[in-house]
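Okay, structure first, notes after.
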Amino acid sequence: MKNLKLYPVLILFTALVLSVLTSCSSDSEFDGSGEGKGGSMARFTFLKGYLYVVDQSTLKTFDISNPENPNLLGTENVGDGVETIFPYENYLFLGTQWGMKIYSVEDDPIPNFLSDFEHSFSCDPVVVSNSIAYVTLRSGTTCQTGENRMEVVDVSDLRNPRLLNTIPMENPHGLSVSDTVLFVCEGDFGFKVFNIKDRSNPELISHYDSIPSYDVITNYGRKELIITGRNGIFQYDYQDPYQLKELSQILSTQGNE
């Protein structure tokens, strides 16, 4: 098993590199459509050959057909409190402190606003699979009024998202879907695995309370996942989602003290 000591800033850089490598793997994580796969806490994503970047209040579109000279095509004002961006089919899902925003890039690379799904003030990453969005809401330093929970939202009608279920959580952060398995990071409270064969009713199947976790990226082709957290970066095999197997680790300095 690999075990390296790195400073926290290097951990963050390595996480970014791993995200890019995962996006460009040959296991259908990145295909000719130009859609990438990264963590749910990401502020940028690739879709249909374009790069989309969010900051606190704007959504920027870049043409990257010439990688050495990206061309800014447009900047959309999307309101305050934007935290994350997630691509699904021809749509972009923005997690904000006030809710989830949905944009279409089906007919034009410049995003077209479709709808808002609002909730109480809270930190809010989101992932989408089979027309179901999983949204984690947590309390934190910049969003202290939020209730710790996961919301299951029907987005089959993109102009009218509908809440299906609410799951109590401890301090949920990033999350990822792989077929019928949902992985959810619980910050210092560990890492949870849910069975989502019933998409609207996630069933908890395991809780690894010794794995502090911030975000997770899955590689469905290899049945592997990468977890980032305050202790470092960890890679696991999830052939059996009931029993994860650690493959490697890159520890932060804090994690080795």
Whole-Hz ³J(HN,Hα) from phi, Karplus 6.51 cos²θ - 1.76 cosθ + 1.60, for region 88-105, glycine and proline x: 8, 6, 9, 9, 10, 10, 9, x, 10, 6, 10, x, 10, 10, 10, 10, 9, 10
Amide H partners (placed H, <5 Å) of Met169, local residues excluded: Arg149, Met150
Net charge, Ser213 excluded, C-beta distance under 12 Å - Lys, Arg +1, Asp, Glu -1: -3
Unsatisfied cross-links (Cα-Cα over 19 Å) in the set Lys197/Lys223; Lys60/Lys101; Lys197/Lys245; Lys192/Lys223: Lys197/Lys245
In Hz, Karplus ³J(HN,Hα) per residue of region 110-115 (6.51, -1.76, 1.60; θ = phi - 60°; x = Gly, Pro): 6, x, 10, 5, 10, 6
Taking only Cα atoms of region 42-172, radius of gyration then Dmax in Å: 14.7, 46
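For Asn195 and Asn112, calculate 0.36 nm times their separation in residues minus their Cα-Cα distance, and state this gained length in nm to one decimal.
Here the segment from Asn195 to Asn112 would lengthen by 26.6 nm.
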Under Karplus coefficients 6.51, -1.76 and 1.60, residue-wise ³J(HN,Hα) of region 238-247 in Hz, glycine/proline x: 10, 3, 10, x, 7, 8, 5, 10, 6, 9
Cβ-based exposure ranking for Asp55, Asp154, Asp240, in which fewest neighbours within 10 Å come first: Asp240, Asp55, Asp154
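Highest first, please rank the peptides 86-95, 225-234 by the mean number of other Cβ atoms sitting within 10 Å of their residues. Show your work: numbers first, answer last.
Working: 86-95: 21.4, 225-234: 23.2.
Descending mean neighbour count gives 225-234, 86-95.
Each reported figure results from applying straightforward, stated rules to the coordinates on display, with no laboratory input. Everything quoted here is computed from the prediction, not taken from an experiment. So basically every Cβ, Gly included, is an ideal-geometry build from the backbone, and we count neighbours across all protein chains shown.
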